[in-house]
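**Q** Handing you a structure now.
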Amino acid sequence: MPVYDPQHFEKKWQAAWEKAGLFQGLADAQGDEGVWDILPADKTSSVDARDILYLLFAFAYPSGSGLHVGHVESKTALDILARYYRMNGKRVFFPVGWDAFGLPAENYAIKTGVHPADTTRSAINTFREQIKRIGISYDWQTEIATSHEEYYRWTQWLFLELYKKGLAYQGQAMVNWCPSCQTVLANEQVVDGVCERCGHEVKQKQMKQWFFKITEYKDELIAGLDQVDWPRATKDQQLHWIGKSKGATVDFNVLSEISDNNSNINIRCFTTRIDTIFGVTFLAISPEMFTELGLHNLLQKNKLAEVDAYIEKAYSKTEEQRKIGEKNKTGVDTGLKVINPVSGKKVPVYVADYVLAGYGTGAVMGVPAHDARDLQFARKFSLPVIPVVKRSDADNPNSQENISAHESAERITTEKANGTNNEKASEIANKINVAGRENSDDDNLIHSEHGVLINSGVYDGLTSAEAMQKIPHDFDEIEIATTYKLRDWLISRQRYWGAPIPIVYDPSGKAHPIKDEHLPWVLPTDVDFKPTGESPLKSSQELIERTERLYGKGWRPEFDTMDTFVDSSWYYLRYCDARNREKFASPERLQQWLPVDFYMIGPEHVVLHLLYSRFFTKFLRDQGYLNFDEPFIKMRHQGMILGPDGKKMSKSKGNVINPDEIIAKFGADTLRLYEMFMGPIDADKPWDVRAVAGIYRFLSRVYDLLLTSAKSTSHVNSREKKKQVQQKLHQTIRKVSGDIPALKFNTAIAAMMEFVNLWENSEKFANKSDEKVTAKPGTKTDVRSDQNTDQSLLSQADMIMFIKILAPFAPFLAEELYQQLAVPAANHSEFPGEGEFSSIHLQRWPIWDKRLAELEQLIIPVQVNGKLRDHLLVNRDSINDEETVLEEAKALPKVTKWLVGKQLIKHIYLPGKILNLVVK
RNA sequence: GCCGAGGUGGCGGAACCGGUAGACGCGUCAGACUUAAAAUCUGAUGGUGGCAACACUGUAAGGGUUCGAGUCCCUUCCUCGGCACCA
């Protein structure tokens with residue numbers, strides 16, 4: 001009896017595949033060489049775009065701790081797709097690379113003095129071996145690392161292309177500064193006011209920084225989402241990040257303090273609710289905008305000190321302190337007044353830091369009756385609250401003018417209760433009142449929905465929508481406007497381990513691009529890593545000397561490096577021509593392989609990486625380098641693998657599963673299969689230590705079953721059994737063939753298990769058939785002996801079909817079984833390109849026999865009044881004979897029982913599906 | 001607060017378009033083998049009642065549509081992910 005011992009053969013086949021170069025150089029195959037010889041002539045002769053498939057895995061940061069089970073999951077999922085599509089005759093491009101620049105290696109260098117290049121190199125080596133060990137069929141010839149000169153040379157080239165078009169620019173900016181990491185952080189890297197990486201509180205600092213003008217593409221970044229097949233949630237998050245909102249701007253003229261006449265300064269406010277303009281009782285302006293407009297000069301002497309102090313304080317506030325302000329708003333009355341151009345009313349101007357400088361116009365009109373934040377502010381400064389929009393869905397006969405916020409709120413609650421016109425109305429009203437009493441929070445008092453205008457002069461009675469159309473039309477001071485949350489992308493980093501920004505400054509401080517012949521602008525090695533608050537590159541003598549040598553005395557280099565998101569947002573382009581020294585990729589290769597057909601990526605990259613990648617793609621398209629709009633046609637996320645305790649794996653919690661240990665114990669196939677079996681690919685799933693053994697058991701049974709039944713000499717007599725097993729095989733092929741493209745790996749594996757269970761049981765049954773066999777209930781068995789010459793239940797050809805569908809999931813075991821069962825007999829000349837090695841992974845995917853896969857007899861569930869009572873066995877060719885089916889069903893004893901004394905009103909029959917008898 | 005995903009046995013999860021709820025795996029229980037254990041194999045396994053046949057009940061809670069609802073609609077609750085003073 002052979003024993004399943006993955007350690008014995010997995011490494012052997014790994015080496016054999018590598019030696020044969022089974023999955024290598026596919027990007028180089030032009031349709032007339034290499035593995036493509038195994039494809040039918042019509043596939044290889046023409047390069048049909050539909051036959052090309054670019055599968056992409058979000059390349060990994062090679063961390064020191066090695067491959068994680070989460071990596072295994074997404075890599076295996078894509079590997080299954082790659083192998084499946086290859087076996088189906090597609091030209092699959094499945095590249096690999098490393099997001100090798102980044103902070104961990106640098107932080108490690110600060111701690112230990114080991115150069116990041118060394119750390120990274122050894123980490124990559126570890127990862128590479130681990131990935132090979134789990135049998136991922138990457139094309140290693142395309143391997144890239146973002147820290148390699150030949151890669152970042154093109155990252156720098158991309159920067160310069162953007163620079164030439166004015167899309168890379170330098171600007172003074174208040175930046176998020178992490179005092180611990182000693183670097184600038186993008187807004188995206190600040191989470192809850194603290195540094196995403198180290199958790200330290202982030203401070204504000206004014207610095208000169210490089211930006212990419214991603215906002216240039218904001219509308220296209222929205223529109224492009226319609227072209228791609230991505231999860232809805234991802235699209236929504238991108239849209240939310242771009243944050244387009246339509247509204248209007250209103251210019252409020254500032255009255256001069258002395259004369260009370262119009263000044264020449266306007267405060268422009270952005271609002272999405274111009275219909276509420278009659279409700280404006282104050283203006284709030286951000287400290288930054290206050291300064292920018294020079295309003296300081298209009299202040300009266302007695303206000304100067306107070307206002308300046310407030311602004312000073314606001315500037316120094318950290319994110320954390322501003323968050324506290326969310327609940328307790330601050331501001332200061334400037335003493336200035338403005339005129340509401342629509343109502344003509346005079347309202348005060350406040351400086352308040354709840355108004356964001358970076359959004360809209362940096363100033364807002366305060367409408368406390370219809371905005372929760374404005375209401376909070378109005379409460380604090382005892383400003384009036386004027387409701388100007390009432391709910392339109394309930395009748396309100398007693399419309400009052402100038403009611404207080406409290407009164408209006410009360411009315412809202414009663415309307416709410418009256419509106420829900422059922423028995424529960426009083427209950428609901430009660431609830432609301434209780435809530436109102438217990439929770440005096442102002443949120444309960446405002447209503448921010450659209451409705452019908454009141455207290456709005458000639459506009460009374462218009463709906464919000466109508467007013468939003470009409471008001472801007474009637475006033476020159478009001479313009480329809482759109483604003484976005486998306487900011488330009490700050491890419492400067494005061495770090496060492498990244499691509500140097502390819503810019504030099506002349507003695508006057510003017511920026512100049514690095515000349516093309518000086519690319520790659522190499523990252524120097526003679527640097528001091530210790531954080532000083534300045535870029536580590538400043539400590540490089542070599543870089544400074546290089547700059548002066550190449551550009552002249554007094555020239556100095558840019559010392560900042562680029563955000564690593566720049567590296568990782570164009571790598572999928574480089575893959576297709578990874579060794580090109582003339583271009584970032586040749587136009588032919590780009591045209592042939594891109595865009596990416598399927599991208600598998602962690603949900604953590606939903607916003608930034610994808611947005612940046614799309615931006616680069618659109619930019620390069622506009623420069624004529626690409627002929628497509630969107631880089632990733634179809635994209636799905638893998639879920640997170642949680643620890644056995646159901647929590648996120650982390651060293652500190654001690655719940656980390658090490659893939660190496662699983663491989664050592666059970667082999668790589670078990671690891672792969674288990675991770676695919678855990679559940680839907682996009683769900684978060686906890687690791688179950690014991691369930692892994694179940695997969696190992698399954699693979700052991702497959703191994704035993706195939707080898708023993710192939711070599712079995714006992715005769716099998718039951719034609720019935722044979723047919724059953726063969727039928728199940730074809731159903732399984734059908735199921736697996738459908739599940740793989742749908743990424744339903746868990747159910748594909750379950751189907752294969754079902755097949756193996758049936759086959760195994762039948763095999764046992766067959767072996768025992770000499771003895772007295774009692775038929776199991778439910779299976780309509782007939783133990784009549786048939787004359788049969790086959791030795792086992794399944795022919796060798798059938799067995800190989802099963803091995804083929806198993807191959808993408810458990811490539812090592814499949815190869816081992818295939819070699820043992822098929823190769824001695826296989827005709828090698830069938831695969832001229834492959835010489836001696838005929839691998840299972842070069843075989844064609846099996847085609848299921850439609851007739852065989854279909855059941856001859858169907859079991860129709862029979863319901864009485866919707867409740868299942870019995871089943872009826874119907875021959876496939878008579879399922880449409882409704883009369884007979886009905887009569888036979890009525891005759892079933894368990895059904896008859898429920899029909900006695902009742903009258904059959906009607907029946908619903910779905911041929912082959914269900915029969916429901918409705919009785920009274 | 002807003003946006004999104006979700007809630008099914010002891011656990012991970014199945015269930016195509018509204019048509020047999022719980023596939024498959026784990027665990028548990030019982031049995032076989034064994035001096036014993038492990039491993040392996042066989043059987044049972046949502047809950048309640050019943051010796052049994054069988055019946056009732058059951059997909060977060062409540063209501064609705066339908067011959068029929070895990071699936072569709074309404075209301076409520078909970079969990080997870082993201083965003084958050086975005087005017």
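The values are calculated or read from the model by the stated rules, or taken from the named source; none is laboratory data. Worth saying up front: this structure is predicted, and the values here are computed from it rather than measured. Heads up, the Cβs are rebuilt from the backbone with ideal geometry, glycines too, and the neighbour counts pull from every protein chain shown. The protein model used for the area step is the full one, side chains on, heavy atoms only, and it has no ligands, DNA or RNA in it. Shrake-Rupley method; radii C 1.70, N 1.55, O 1.52, S 1.80 Å.
**Q** So for the pair A:Lys244, A:Gln227, with labels modelled 7 Å out along Cα→Cβ, what separation do we get in nm?
**A** 1.5
**Q** Grab the Cα-Cα distance for A:Asp460 and A:Arg621, subtract it from 0.36 nm times how many residues apart they are, and report the gain in nm with one decimal.
**A** 52.9 nm
**Q** Check A:Leu642: other-chain or 5+ apart residues with amide H under 5 Å from its amide H, H built from backbone geometry?
**A** A:Lys685, A:Trp687
**Q** Please give the FRET efficiency for A:Asn302 paired with A:Lys553, using the beta carbon to beta carbon distance and R0 = 51 Å, rounded to the nearest 0.05. Provide the component values of the computation, followed by the final result.
**A** Details: r = 56 Å, r/R0 = 1.10.
With R0 = 51 Å, the Cβ-Cβ based efficiency is 0.35.
**Q** What pairs from A:Lys213/A:Lys244; A:Lys313/A:Lys530; A:Lys208/A:Lys244; A:Lys12/A:Lys132; A:Lys301/A:Lys380 go past 21 Å between their alpha carbons?
**A** The pairs that break the limit, which is 21 Å between Cα atoms, are A:Lys313/A:Lys530; A:Lys208/A:Lys244; A:Lys301/A:Lys380.
**Q** What accessible area per residue, rounded to a whole number of Å², is obtained for segment A:865-920 using a probe radius of 1.4 Å? Walk me through the numbers before you get to the answer.
**A** Values: 3810 Å² over 56 residues.
Accessible area per residue, segment A:865-920: 68 Å².
**Q** Roughly how much of A:Thr483 is accessible, in Å² to the nearest 10, using a 1.4 Å probe?
**A** Accessible area of A:Thr483: about 20 Å².
**Q** Right, something else. Residue-wise, which Karplus ³J(HN,Hα) couplings in Hz belong to segment A:96-106, taking 6.51 cos²θ - 1.76 cosθ + 1.60, θ = phi - 60°, and x for glycine or proline?
**A** Once θ is set to phi - 60°, the couplings for segment A:96-106 become 9, x, 9, 8, 8, 7, x, 5, x, 5, 6 Hz.
**Q** When the accessible area of segment A:82-151 is split by element with a 1.4 Å probe, what percent falls to carbon and sulfur?
**A** On the way: 1120 of 2220 Å².
Roughly 51 percent of what the probe reaches on segment A:82-151 is carbon or sulfur.
**Q** Along segment A:55-61, what does the Karplus equation 6.51 cos²θ - 1.76 cosθ + 1.60 (θ = phi - 60°) give for ³J(HN,Hα), rounded to whole Hz, x for Gly and Pro?
**A** 9, 10, 10, 4, 4, 9, 7
**Q** So, one more: Tell me the per residue accessible area of segment A:88-225 using a 1.4 Å probe; a whole number in Å² is fine. Please list the in-between numbers first.
**A** Details: 5120 Å² over 138 residues.
Result: 37 Å² per residue.
**Q** Report the full-extension gain for the segment A:Glu449 to A:Glu856: residue separation times 0.36 nm, less the Cα-Cα distance, to one decimal in nm. Provide the component values of the computation, followed by the final result.
**A** On the way: separation 407, 0.36 × 407 = 146.52 nm, distance 6.08 nm.
Gain in length upon complete extension: 140.4 nm.
**Q** Can you pull the percent of segment A:555-704's accessible area that's carbon plus sulfur, 1.4 Å probe, other chains left in place?
**A** On the way: 2820 of 5610 Å².
Of the solvent-accessible surface of segment A:555-704, carbon and sulfur hold 50 percent.
**Q** Using the Karplus equation 6.51 cos²θ - 1.76 cosθ + 1.60 (θ = phi - 60°), what ³J(HN,Hα) coupling, rounded to whole Hz, does each residue of segment A:233-248 give in order, writing x for Gly and Pro?
**A** 4, 5, 4, 4, 5, 5, 4, 5, 5, 5, x, 6, 9, 9, x, 8
**Q** Going by average Cβ neighbours within 10 Å, how do the peptides A:451-464, A:502-515 rank, with the highest at the top?
**A** Numbers: A:451-464: 17.7, A:502-515: 15.5.
Highest to lowest by the protection proxy: A:451-464, A:502-515.
**Q** Same structure again: Could you tally the net charge around A:Met649, taking each other residue with its Cβ under 15 Å from the Cβ of A:Met649, Lys/Arg +1 and Asp/Glu -1? Kindly include the intermediate steps, with their values, before the conclusion.
**A** Details: positive: A:Lys647, A:Lys648, A:Lys651, A:Lys653, A:Lys685; negative: A:Glu73, A:Glu604, A:Asp645, A:Asp660, A:Glu661, A:Glu675, A:Asp684, A:Asp688.
My count for the surroundings of A:Met649 gives -3.
**Q** Moving on to the next point. Which cross-chain or sequence-distant (5 or more) residues have an amide H under 5 Å from the amide H of A:Ala60, H modelled 1.01 Å from N in plane?
**A** Distant-sequence amide H within range of A:Ala60: A:Gly97, A:Asp99.
**Q** Still on this structure, I have one more. Keeping all protein chains in place, calculate the accessible area per residue for segment A:571-661 (probe 1.4 angstrom), answer in Å². Write out the running numbers ahead of the final one.
**A** Details: 3670 Å² over 91 residues.
Normalised by residue count, the accessible surface of segment A:571-661 is 40 Å².
**Q** Taking K and R as +1 and D and E as -1, what net charge do the other residues with C-beta under 10 Å from the C-beta of A:Lys75 add up to? Intermediate values should be presented prior to the final figure.
**A** Numbers: positive: A:Arg672; negative: A:Glu73, A:Asp79, A:Glu675.
Net charge in that neighbourhood comes out at -2.
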